[in-house]
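Written out below as structure tokens is the structure these notes cover.
Throughout, read-outs are computed from the coordinates displayed, never taken from laboratory work. All of these numbers come straight from a predicted model, not from anything done at the bench. Neighbour counts are summed over all protein chains in view; Cβ atoms, including those assigned to glycine, are modelled from backbone coordinates with ideal geometry.
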Amino acid sequence: MKQIALPITVDVEQTLQNYVVGSNQAVIEHFKLFASHPNRSPVPTYIWGERGSGKTHLLNAIGKELKTLNQSFGWLGATQDQSKPKVFDPAWDAVLMDDVQEFTPSEQQFAFNCFVNALTPTVGLQRWVVATGSLPPQDLKLREDLRTRLGWGHVFHLQTLGEQGSREVLNKHSRDLGIHLPLELEDYILSRFSRDLSTLIRLLKELDAYALQTKRPPTIPLLKAMLDEH
């Protein structure tokens, strides 16, 4: 009988501190400055890049920074629960929008309304809007008024990681998970899998869970066995 693994793997938090910077130092400095100050400028920020470049990681990290300041925020994402009513909350201190290129017409309407409400002072308060997408603002296939607002503030292009950055991701997140990653396994992963952040981190979490299930240390044969079962 196959042993069923218990869900005891470590869930690695997505923070500004464990984001592997690579060539994106200016982006991280911007977010560390803006996210840590409750009286930040309301000028919106838009970051774009290829799939797996870490856009959602950064957005989750910003949400965590806001929570440490006891600030609330709204989250708009194409994968969010569609049963929840889309209503702007005046109590929000910020609005975070993920993968705007996937927004439906109704989601685009709500996003535009959020921009209008966020930048309209209420008792002297204007909210920070942070959005992510896969394309620069001018190339987004969105309604013009939303596309224009996404592009008028701070715009950053997230650069993908090179080999050294990818190795840093593997090492940093394997340490966070509490697993030892042999160099030969690291080489094997980088030579056979996509180097985008989401793929590398998801693979590490699955390998960690499988290692716990089988009570074996992470190795190339163990990774192959895990993949054969998928």
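Data overview
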{"item": "Max mean-square fluctuation residue, GNM over the chain, Cα-Cα springs under 10 Å, options 90, 121, 42", "result": "121"}
{"item": "Amide H contacts under 5 Å for residue 76, placed H, 5+ residues apart", "result": "96, 97, 98"}
{"item": "Gain on full stretching of the segment that runs from residue 75 to residue 229 - 0.36 nm per residue minus C-alpha separation", "result": "51.9 nm"}
{"item": "Virtual spin-label span in nm between residue 30 and residue 64, 7 Å along Cα→Cβ", "result": "2.1"}
{"item": "In the stretch 110-194, trypsin sites (Lys or Arg not before Pro) in a DSSP loop with at most 11 other beta-carbon atoms within 10 Å", "result": "141"}
{"item": "Estimated [θ] at 222 nm from DSSP helical runs (n ≥ 4, -39500 (n - 2.57)) normalised by residues in the chain, nearest 500", "result": "-13500 deg cm²/dmol"}
{"item": "The chain: angle of helix 25-35 to the longest principal axis, Cα-based, in degrees nearest 10", "result": "60"}
{"item": "Per-residue ³J(HN,Hα) for the stretch 130-145, Karplus 6.51 cos²θ - 1.76 cosθ + 1.60, θ = phi - 60°, Hz, x for Gly and Pro", "result": "10, 10, 10, x, 8, 9, x, x, 5, 9, 5, 8, 10, 4, 4, 5"}
{"item": "Net length gained if the chain between residue 18 and residue 219 were fully extended (0.36 nm per residue, minus Cα distance)", "result": "69.9 nm"}
{"item": "Cross-link pairs 32/205; 86/141; 32/86; 55/215 - those with Cα-Cα distance over 24 Å", "result": "32/205; 32/86; 55/215"}
{"item": "³J(HN,Hα) computed for each position of the stretch 212-219 - Karplus, 6.51 cos²θ - 1.76 cosθ + 1.60, integer Hz, glycine/proline x", "result": "5, 5, 8, 6, 10, x, x, 9"}
{"item": "Ranked list, fewest to most other Cβ atoms within 10 Å of each Cβ, for 226, 97", "result": "226, 97"}
{"item": "Interchain or long-range residues, amide H under 5 Å from residue 46's placed H", "result": "131, 154, 155, 156"}
{"item": "Loop trypsin sites (Lys or Arg not before Pro), the stretch 47-120, which have at most 15 other Cβ atoms in a 10 Å radius of their Cβ (DSSP)", "result": "51, 86"}
{"item": "Highest-MSF residue in the chain out of 139, 176, 98 [GNM, Cα springs under 10 Å]", "result": "139"}
{"item": "FRET E, pair residue 152, residue 101, Förster distance 25 Å, beta-carbon r, rounded to 0.05", "result": "0.90"}
{"item": "Using θ = phi - 60° and Karplus 6.51 cos²θ - 1.76 cosθ + 1.60, couplings along the stretch 56-64 (whole Hz; Gly, Pro as x)", "result": "5, 4, 5, 5, 5, 5, 5, x, 5"}
{"item": "Percent of Cα-Cα distances greater than 31 Å, calculated over the chain", "result": "31"}
{"item": "On Cα atoms only, tilt of 220-229 relative to the major axis of the chain in degrees", "result": "70"}
{"item": "Folded to 0 to 90 degrees: helix 163-177 orientation relative to the chain principal axis, Cα", "result": "80"}
